[in-house]
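Notes follow the structure.
The values are calculated or read from the model by the stated rules, or taken from the named source; none is laboratory data. This structure is a prediction, so every number in the text was calculated from the model and none was measured. Note: ideal-geometry Cβ built from the backbone for every residue, glycine included; neighbour counts use all protein chains shown. Ligands, DNA and RNA are stripped out before the accessible areas are found, and what is left, the full protein with its side chains, is counted by its heavy atoms. Shrake-Rupley method; radii C 1.70, N 1.55, O 1.52, S 1.80 Å.
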Amino acid sequence: MPDSGDWSGVPAVEDAFLPYGRQSIGQDDIDAVVAALTSDWLTTGPKVAEFEQAFASFCGAEQGVAVNSGTAALHCAMRAAGVGPGDEVIVPAITFAASSNAAFYEGATPIFADVEADTLLIDPDSVAAKITPRTRAIVAVDYAGQPADYDALRVLADRHDLVLIADACHSPGATYKGRKTGTLADMSCFSFHPVKHLTTCEGGMVVTNDAELAAHMRRFRNHGIDSDHRKREAQGAFAYDMAELGFNYRLPDVQCALGIAQLKRLEEWVAARQRIAALYDTAFSQVPHARPLAVHGDRTNAYHLYVVRLDLQQLEVGRDQAFAHLRARRIGANVHYAPVYWHSFYRARGYERGLCPVAEHAYEELLTLPMFPGMNQGDVARVVDAVRELKRL
Ligand SMILES: Cc1ncc(COP(=O)(O)O)c(C=O)c1O
């Protein structure tokens with residue numbers, strides 16, 4: 001399969017499985033990893049700070065705190081926000097469970113806000129309705145790659161003295177009113193899982209302009225210890241203090257080296273995703289039973305996912321059969337996401353169906369289609385054909 005930016009019309013391989021997401025690894029990435037592997041530092045060496053600075057500066061922000069997953073990034077942000085037992089954290093119903101699990105890690109209670117019907121982004125009106133004296137933070141999720149309405153959320157956060165956290169795992173490179181994700185909230189969390197825009201195999205980062213929050217998260221990711229091994233080595237010192245109960249969330253140097261190499265192509269990959277989305281949009285304008293999600297005029301979408309809503313009134317089949325049809329065509333359709341509180345862990349804690357009606361209704365119609373920079377026009381056409389066929393089932 002051609003790499004990013006190859007639009008030469010290479011035909012799709014009809015029977016090859018087309019996943020919904022896939023990493024792009026080139027020789028530069030391999031060379032960077034090998035060089036790090038043969039250096040003195042496998043973990044917490046010079047590549048960590050280099051990656052943090054490079055990624056934060058890609059976002060236009062001052063501080064980056066590298067960690068070993070997007071989930072760890074969310075946990076760090078919760079701790080730095082001061083979220084604790086008895087607090088409530090508002091999270092959208094449609095997201096990956098990690099967004100709300102992070103509140104549980106700190107003994108707090110996630111409260112689910114509903115989403116906008118056309119974008120599936122957290123609805124600021126629903127957030128406003130769910131704020132109580134116990135609310136401590138809002139986690140906005142840039143679902144599928146489009147930034148949430150951060151100006152509206154900022155007004156609410158300021159009015160009620162809340163910390164605004166962005167779960168930007170889907171949206172590196174996207175913009176809101178000309179500003180990049182990573183600068184839109186008090187802390188922004190990214191994931192470097194292989195299906196994301198750039199990968200460190202597993203990995204993540206919190207980006208912020210607040211040096212104090214960043215220092216706290218650097219300590220928290222290192223067991224709560226306020227100096228790392230390398231710093232002590234440089235000072236010829238052995239003593240350290242564990243000031244709070246932290247975790248080992250460190251991202252190794254070898255993986256940071258991969259991240260630095262990947263980052264050089266991030267801009268190009270976001271553009272490739274946007275080109276693929278434009279091809280899908282044009283094609284689906286002629287397919288009345290599949291409606292792409294709306295994109296607000298004041299934002300750009302980094303398209304981690306390309307999601308359509310099926311108009312089930314026009315089809316004889318439901319979403320699950322539509323999913324099965326695409327899989328039979330060897331197309332790796334997916335569904336992102338069932339409302340988080342439908343999971344049994346949440347149900348066992350008293351969350352009930354009916355909490356967020358817009359999200360629950362949307363879920364029945366959602367289908368995620370393949371989206372990654374290495375796709376070509378033939379791949380897009382193959383997916384659109386399979387979706388078009390749903391009308392004949
Ligand atoms: C919205 C969202 N938040 C958080 C995460 C967690 O990231 P990770 O898998 O790197 O822990 C993901 C990853 O799938 C995600 O999609």
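Within segment 136-146, one or more residues are modelled with pLDDT of 95 or more and open to solvent by 10 Å² or more (accessible area, probe 1.4 Å). Kindly indicate whether residue 242 is in the same structural domain as residue 60 (by TED's automatic domain parsing), open to solvent by 70 Å² or more (accessible area, probe 1.4 Å) and in contact with a strand residue (DSSP E or B) (Cβ under 7 Å, 6 or more places away or on another chain). Spelling it out, residue 242 is indeed in the same structural domain as residue 60 (by TED's automatic domain parsing), open to solvent by 70 Å² or more (accessible area, probe 1.4 Å) and in contact with a strand residue (DSSP E or B) (Cβ under 7 Å, 6 or more places away or on another chain).
Selection of helices (runs of 4 or more DSSP H) fully inside segment 247-364 by the criterion of at least 1 residues being within 24 Å of residue 149 (Cα to Cα) and at pLDDT 95 or above returns 266-284, 357-363. Among the residues of segment 43-58, not a single one is part of a strand (DSSP E or B) and touching a strand residue (DSSP E or B) at 6+ places or on another chain (Cβ under 8 Å). Only one of (1) within 16 Å of the ligand (Cβ to nearest atom); (2) outside any helix (DSSP H, G or I) fails for residue 102. Which number is that? All conditions pass for residue 102, except number (2).
Can you find even one residue in segment 31-44 that is in contact (Cβ under 8 Å) with a residue 60 or more places away in the chain, surrounded by 20 or more Cβ atoms within 10 Å (Cβ to Cβ), on the phi < 0 side of the Ramachandran plot and away from the ligand (no atom under 16 Å from the Cβ)? Yes, there is a match, as at least one residue in segment 31-44 is in contact (Cβ under 8 Å) with a residue 60 or more places away in the chain, surrounded by 20 or more Cβ atoms within 10 Å (Cβ to Cβ), on the phi < 0 side of the Ramachandran plot and away from the ligand (no atom under 16 Å from the Cβ).
Table: residues versus (1) on the phi < 0 side of the Ramachandran plot; (2) touching a Gly at 6+ places or on another chain (Cβ under 9 Å).
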| residue | (1), (2) |
| --- | --- |
| 93 | yes, no |
| 108 | yes, yes |
| 113 | yes, no |
| 124 | yes, no |
| 130 | yes, no |
| 133 | yes, no |
| 136 | yes, yes |
| 140 | yes, no |
| 145 | no, yes |
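Scanning segment 105-116 for residues that are touching a His at 6+ places or on another chain (Cβ under 8 Å) and not in a helix (DSSP H, G or I) gives a single hit, 106.
In the condition set (1) surrounded by 19 or more Cβ atoms within 10 Å (Cβ to Cβ); (2) farther than 27 Å from residue 364 by Cβ, residue 304 is compliant with all but (2). You will find that of 151, 167, 114, the residue that is in the same structural domain as residue 31 (by TED's automatic domain parsing), more than 15 Å from the ligand (Cβ to nearest atom) and touching a Cys at 6+ places or on another chain (Cβ under 6 Å) is 114 and no other. Considering segment 174-195, and only residues there that are part of a loop (DSSP other than H, G, I, E, B) and surrounded by 24 or more Cβ atoms within 10 Å (Cβ to Cβ), the residue that is nearest to the ligand (Cβ to nearest atom) turns out to be 192.
Could you check, for segment 213-226, whether at least one of its residues is open to solvent by 50 Å² or more (accessible area, probe 1.4 Å) and within 16 Å of the ligand (Cβ to nearest atom)?
Filtering segment 213-226 down to residues open to solvent by 50 Å² or more (accessible area, probe 1.4 Å) leaves 215, 218-219, 223, 226.
Checking which are within 16 Å of the ligand (Cβ to nearest atom) leaves us with none.
The answer is no; no qualifying residue exists.
When residue 135 is tested against (1) free of Cβ contacts under 8 Å to residues at least 60 places away in the same chain; (2) within 16 Å of the ligand (Cβ to nearest atom), just one condition goes unmet, and that condition is (2). Of everything listed in (1) open to solvent by less than 10 Å² (accessible area, probe 1.4 Å); (2) not in a loop (DSSP other than H, G, I, E, B), the single unmet condition for residue 199 is (2). I want to confirm something. Restricting to segment 67-99 and keeping residues that are part of a loop (DSSP other than H, G, I, E, B) and near the ligand (Cβ under 9 Å from one of its atoms), which single residue is least open to solvent (accessible area, probe 1.4 Å)? By that ranking, first place goes to 95.
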